[in-house]
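Just below is one structure, and these are the notes that go with it.
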Amino acid sequence: MNNRSLVSIDDFSTEEIISTLDLAEQFEKEPVQKLLEGKVIATLFFEPSTRTRLSFESAINKLGGKIVGFTDASSSSVTKGESLHDTIRMVSSYSDLIVMRHPIEGSARYASEVASVPVINAGDGANQHPTQTMLDLYSIRKTQGTLDNLNIFMVGDLKYGRTVHSLMMAMSRWNTVFNFIAPEELKMPDEFKLYLDNLGLKYYEHSDFNDIISKADIIYMTRVQKERFSDPIDYEKVKNIYVLRNSMLENTKPTMRILHPLPRVNEISPDVDSNPKAYYFKQALNGVFTRQAIICKLLNIK
Ligand code: CP
């Protein structure tokens with residue numbers, strides 16, 4: 001792998017994804033290694049984040065690298081009118097790799113074309129979140145023992161949810177059966193369904209999942225994202241549409257696990273947290289090891 005960017009999960013071949021997951025397993029066993037000594041990583045967050053930014057920063061610190069950047073574009077010269085182009089050109093000359101979250105779809109691809117160093121997309125609007133996908137794949141393989149032939153339920157905001165878009169594209173490589181559970185307003189966009197159609201993969205769309213929950217290997221819950229709605233009334237109509245409760249899990253497979261990219265609002269009831277099938281907090285921890293692996297892959301550090 002040459003010095004290149006991770007903008008979409010499709011930027012990595014299946015072999016590269018598997019070798020990244022294998023490397024993450026090694027980091028889980030030994031997370032503190034001085035592999036990034038002398039490296040400077042820029043973290044540019046134009047949108048709020050807790051997990052992605054802090055797990056990247058934890059990953060970099062554990063590997064001995066240094067971090068520059070901002071957590072809020074209002075503290076940068078963007079407020080003076082500086083373009084994304086010029087911001088990325090400048091930050092490229094101060095760092096060895098850029099991690100960027102931005103509200104505009106396509107911004108990460110644009111940044112990767114302008115930058116002279118690798119760019120990692122930490123989420124671009126409703127488009128993609130490939131490092132979340134890598135930690136999701138890691139979590140699925142760890143809990144199921146395989147990525148092959150699984151039945152995945154994706155629940156909630158499938159329209160604006162960049163994590164489900166990236167995960168669906170990735171899991172399509174392993175003969176997954178997809179069940180999409182969303183209200184009419186938040187259904188999986190046609191372009192992603194077409195993606196599966198072209199691969200000949202099965203997907204089913206539902207407005208509820210109580211009756212079919214026993215079939216799930218993974219239930220991937222998502223938040224209805226208030227910040228993506230232009231009309232607050234539209235958000236109010238769907239914000240509480242799905243709430244996963246402990247009582248709903250009785251007839252689920254013993255091996256089934258519940259994932260969520262987090263943050264949650266109220267789509268998973270707190271009474272689920274102590275159920276052994278709840279995996280979302282461990283999933284977030286896996287973000288440190290997978291992001292360590294992604295950085296090392298992109299910087300060609302063995
Ligand atoms: N999963 C995720 O992207 O969380 P943050 O928005 O807190 O980074």
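If I model a spin label as a point 7 Å beyond the Cα along the Cα-Cβ vector, how far apart are those points for residue 277 and residue 237 in nm? Distance between the two pseudo-spin positions: 3.1 nm.
Mean residue ellipticity, 222 nm, helices only, the chain: the sum of -39500 (n - 2.57) across DSSP H runs of n ≥ 4, divided by residue count and rounded to 500, is -11000 deg cm²/dmol. Rounded to the nearest 10 degrees, the inclination of helix 190-199 to the longest alpha-carbon principal axis of the chain is 80 degrees. For the chain, the Kirkwood hydrodynamic radius from C-alpha pairs, put into Stokes-Einstein at 4 °C and a viscosity of 1.567 mPa s, yields a diffusion coefficient of 66 µm² per second.
Compute the acute angle (0 to 90°) between the alpha-carbon long axis of helix 14-29 and the principal axis of greatest extent of the alpha-carbon atoms of the chain; round to the nearest 10°. It works out to around 80 degrees. Surface exposure of segment 44-128, expressed per residue as accessible area with a 1.4 Å probe, stands at 43 Å². Given axes a ≥ b ≥ c from the Cα gyration tensor, I'd like to know whether segment 184-302 is rounded (a/c under 1.5), prolate (a/b larger than b/c) or oblate. Rounded is the answer for segment 184-302, as its axis ratio a/c remains below 1.5.
Take every Cα pair under 8 Å in segment 1-155 that's 6+ residues apart, average their separations, divide by the length, and report that relative contact order as a whole percent. Relative contact order, segment 1-155: 27 percent. How much net charge surrounds residue 256 when only the other residues with a Cβ under 11 Å from the Cβ of residue 256 are counted, with Lys and Arg +1 and Asp and Glu -1? Local charge sum for residue 256: +3. Rounded to the nearest 10 degrees, the angle from helix 280-298 to the longest Cα principal axis of the chain is 40 degrees.
Provide, as a two-decimal number, the C-alpha radius of gyration of segment 102-250 over 2.2 N^0.38 Å, N being how many residues it has.
Working it through for segment 102-250, the quotient is 1.08.
A simple spin-label model places the labels of residue 66 and residue 211 6.2 nm from each other, with each point 7 Å out along Cα-to-Cβ.
Database remark: amide H of residue 69 closer than 5 angstrom to the amide H of 43 (H placed geometrically; neighbours at sequence offset of 5 or more, or on other chains; Pro and chain starts carry no H).
Assign one of three labels to segment 230-289, namely rounded, prolate or oblate, based on the Cα gyration tensor with a ≥ b ≥ c the square roots of its eigenvalues; rounded applies when a/c is under 1.5, prolate when it is not and a/b is larger than b/c, and oblate otherwise. Verdict is oblate for segment 230-289.
The values are calculated or read from the model by the stated rules, or taken from the named source; none is laboratory data. Source: prediction; values computed, not measured. With ideal geometry, Cβ positions are generated from the backbone for all residues, glycine too; neighbour counts draw on all protein chains shown. When the accessible area is computed, the model is the full protein with side chains, heavy atoms only, and any ligands, DNA or RNA have been set aside. Shrake-Rupley method; radii C 1.70, N 1.55, O 1.52, S 1.80 Å.
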